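Take a look at the structure below.
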Amino acid sequence: MFLKIIGEDVYAKMVSGIRENVAKATIGIKALVRSEKMKLSKNLTLAEVTKSATAIKHGISNQPTIEHMENLKAVAENVFQPIRDYFDKPIAVTSGYRSQELNELIGGVSRSQHSKGEALDLDADVFGGLENYQLFHRIKDHTDFDQLIWEFGDDENPAWVHVSYSRTKNRGEVLKAVKQNGKTIYKKW
């Protein structure tokens, strides 16, 4: 009986220590998110994928959860960084993570991969020296992805490139977004 009591006491202390460490880790992660200096990959920061003029203008929080950050890190490491390394030129993220509230405000689809932290909109034109069609084809031909969309533009160059990555299963779906009768439709590539 004496051993059982000591064992329960040791177990309680162990559980208490685990809870304390989890709390410290959570506080540390939240501090990193607030500081926005957290790197998702060598050349991509959390600040770049969460910045939103619309969120700022409307006072909307656009802070991802830990799960969203894990998804953002996966798309950064598996899609963004390989193409950034290949071209060795800066690539702008024009839209990354969108909180549910922000996504609704801008009229995004309710199941948007942006709201899951799984998608980035990339635009090579922002910094120059690279064209969006080059990003598109490099991702299509050399990268694992869930969905890749040639967003508007013309037949020579998209206005931007949408790419998503899933940590569970990537479909490799390639689409082209076009306007027909004022509506956006997605055609299979």
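For residues in the range 72-109 being under 20 Å from residue 170 (Cα atoms) and open to solvent by 60 Å² or more (accessible area, probe 1.4 Å), which is modelled with the lowest pLDDT?
Ranking the candidates gives 109 first.
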Sort through 24, 4, 13, 30 and tell me the only one that's out of contact with any Leu (no Cβ under 6 Å at 6 or more places or on another chain), of a type in the set (Lys, Arg), within 22 Å of residue 102 (Cα to Cα) and at pLDDT below 95.
-> 30
Does the range 157-175 include one or more residues that are over 16 Å from residue 118 (Cβ atoms) and out of contact with any strand residue (DSSP E or B) (no Cβ under 8 Å at 6 or more places or on another chain)?
-> yes
Evaluation of residue 115 against (1) more than 21 Å from residue 85 (Cα to Cα); (2) touching a helix residue (DSSP H, G or I) at 6+ places or on another chain (Cβ under 7 Å); (3) not in a helix (DSSP H, G or I) (one fails), failing number = (3)
Inside the range 122-189, counting only strands (runs of 3 or more DSSP E) that do not spill past its ends, which hold 1 or more residues that are modelled with pLDDT of 95 or more and open to solvent by less than 80 Å² (accessible area, probe 1.4 Å)?
-> 147-151, 160-164, 173-180
Any chance the range 125-146 includes a residue that's closer than 26 Å to residue 61 by Cβ, of a type outside the set (Phe, Trp, Tyr) and in contact with a helix residue (DSSP H, G or I) (Cβ under 6 Å, 6 or more places away or on another chain)?
-> no
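The values are calculated or read from the model by the stated rules, or taken from the named source; none is laboratory data. All of these numbers come straight from a predicted model, not from anything done at the bench. Note: ideal-geometry Cβ built from the backbone for every residue, glycine included; neighbour counts use all protein chains shown. Quick note on the areas: whole protein, heavy atoms, side chains included, nothing else; ligands and nucleic acids left out. Shrake-Rupley method; radii C 1.70, N 1.55, O 1.52, S 1.80 Å.
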